[in-house]
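Asks: Would you mind keeping the following structure in view while I ask a few things?
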Amino acid sequence: MLVNLNDVLKKAQNENYAVGLFNSTDSDMLQAVIEAAEEMNAPIIIGTAEVLLPYGELQLIAPSVLAAAKRAKVPVVVHYDHGLTFERCIEALKLGFSSVMYDGSAKDYPTNIAETREIVKIAHAFGASVEGEIGHVGQAADGDEDLHDMYTTPEEAKAYLEATGVDALAVAIGTAHGVYKKKPMLNLKRLEEIRSTVDVPLVLHGGSGLTDDDFKNSIAKGIAKMNIFTDLCLAGDRAMKEGAEKGLGYLETRNLKVQYIKEEVKKKISLFGCANKA
């Protein structure tokens, strides 16, 4: 069934587990993620991000993603992640996405506030939820760059929420997008401070590559939504390499890719504690 973030994250926050966002750029990923959620009886968040549109255009994938969500036996949020432009966020809402993230974190603070607040007004009129970000989650490719000054502070989080009215808040505590060059060091103390200051569900971006303990500790300290994409790609890469080595045809390799991605999603669902929470 199609739901929005408020329908799944408030329960996750209250019961101290997390729901995974698994970006799905094609029907192989989509099938794997939905089947994993149904088999584990878990709520799930699917969708795409603006930076991924070159690999699956929004108008092409939206109908299949929305149809799969409505048909699913478990709650499914269809989320537009890291919307970098106002126009694309509105397009996602018009196409039927039940949630959007407007990412103005790289813009100056007044612009981020003003544009996020406007997106919230429009999305809520659609019955959709909005995720915002304060602080800045960088790229793993930047590896050695010191991003500590971009970490979210409790004061920033509180002011941002009061000014924008977002339904969920992505925080920067030491993760990054992509494949890590070195082990990330999560600032769990900062996370605790933020959690004790604000009452909306908190989101951790850049989840792929974290250890099991990283996941468990960040959920214990207040994260209710985990974003995963790179680990799905790595599982798909492994399937394609194995298919080539074994001389499998295109369709057999495709099914192996679905299998490996589904196994990865089920592993994450178990780690996040959301199995049987649908």
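The values are calculated or read from the model by the stated rules, or taken from the named source; none is laboratory data. Owing to the predicted nature of the structure, the values given are computational and were not obtained by experimental measurement. With ideal geometry, Cβ positions are generated from the backbone for all residues, glycine too; neighbour counts draw on all protein chains shown. Accessible surface is based on the protein model in full, side chains and every heavy atom, while ligands, DNA and RNA are left aside. Shrake-Rupley method; radii C 1.70, N 1.55, O 1.52, S 1.80 Å.
Asks: Check the range 44-65 and report whether any residue there is over 30 Å from residue 256 (Cα atoms) and either assigned to a helix (DSSP H, G or I) or in contact with a helix residue (DSSP H, G or I) (Cβ under 8 Å, 6 or more places away or on another chain) (or both). So that I can check it myself, show each step before the final result.
Replies: Going through the range 44-65, the residues over 30 Å from residue 256 (Cα atoms) turn out to be none.
No: zero hits.
Asks: While we're here: Go through 172, 235, 220, 168 for me and flag whichever is small (Gly, Ala, Ser), open to solvent by 40 Å² or more (accessible area, probe 1.4 Å) and either under 15 Å from residue 22 (Cβ atoms) or in contact with a helix residue (DSSP H, G or I) (Cβ under 9 Å, 6 or more places away or on another chain) (or both). Step through it out loud before you land on a result.
Replies: On the way: 172 fails: open to solvent by 40 Å² or more (accessible area, probe 1.4 Å); 235 fails: open to solvent by 40 Å² or more (accessible area, probe 1.4 Å); 168 fails: open to solvent by 40 Å² or more (accessible area, probe 1.4 Å).
Exactly one residue qualifies, and that residue is 220.
Asks: Can you tell me which residues in the range 121-139 are aliphatic (A, V, I, L, M) and modelled with pLDDT of 95 or more?
Replies: 122, 123, 125, 128, 130 - these are the residues of the range 121-139 that are aliphatic (A, V, I, L, M) and modelled with pLDDT of 95 or more.
Asks: Select, from 199, 213, 142, the only residue that is open to solvent by 40 Å² or more (accessible area, probe 1.4 Å) and at pLDDT below 90.
Replies: It is 142.
Asks: Every residue in the range 238-253 that is in contact (Cβ under 8 Å) with a residue 12 or more places away in the chain and open to solvent by 50 Å² or more (accessible area, probe 1.4 Å), please. Before the answer, list the steps.
Replies: At the first step, the residues of the range 238-253 found to be in contact (Cβ under 8 Å) with a residue 12 or more places away in the chain are 238-240, 242-243, 253.
238, 240, listed by residue number.
Asks: Suppose we keep only residues that are more than 13 Å from residue 208 (Cβ to Cβ) and of a type in the set (A, V, I, L, M) within the range 260-278. Which one would you say is most open to solvent (accessible area, probe 1.4 Å)?
Replies: 278
Asks: Here's something else I'd like to know. If residue 31 satisfies every condition in (1) of a type outside the set (D, E, K, R); (2) under 14 Å from the mean Cα position of the chain (by Cα); (3) surrounded by 19 or more Cβ atoms within 10 Å (Cβ to Cβ) but one, which is the exception?
Replies: Here residue 31 clears every test but (2).
Asks: Among the residues in the range 232-242, are any under 24 Å from residue 151 (Cβ atoms) and either in contact with a Phe, Trp or Tyr (Cβ under 6 Å, 6 or more places away or on another chain) or not in a helix (DSSP H, G or I) (or both)?
Replies: Checking the range 232-242: not a single residue is under 24 Å from residue 151 (Cβ atoms) and either in contact with a Phe, Trp or Tyr (Cβ under 6 Å, 6 or more places away or on another chain) or not in a helix (DSSP H, G or I) (or both).
Asks: Looking at (1) of a type in the set (A, V, I, L, M, F, W, C); (2) within 17 Å of the chain's Cα centre (by Cα); (3) open to solvent by less than 30 Å² (accessible area, probe 1.4 Å); (4) over 17 Å from residue 35 (Cβ atoms), find the lone condition where residue 229 falls short.
Replies: (3)
Asks: Examine the range 75-85 for a residue that is touching a helix residue (DSSP H, G or I) at 6+ places or on another chain (Cβ under 7 Å), open to solvent by less than 10 Å² (accessible area, probe 1.4 Å) and on the phi > 0 side of the Ramachandran plot, and state whether such a residue exists.
Replies: no
Asks: It is to be established whether one or more residues within the range 173-181 are over 24 Å from residue 4 (Cα atoms) and outside any loop (DSSP other than H, G, I, E, B).
Replies: Yes, there is a match, as at least one residue in the range 173-181 is over 24 Å from residue 4 (Cα atoms) and outside any loop (DSSP other than H, G, I, E, B).
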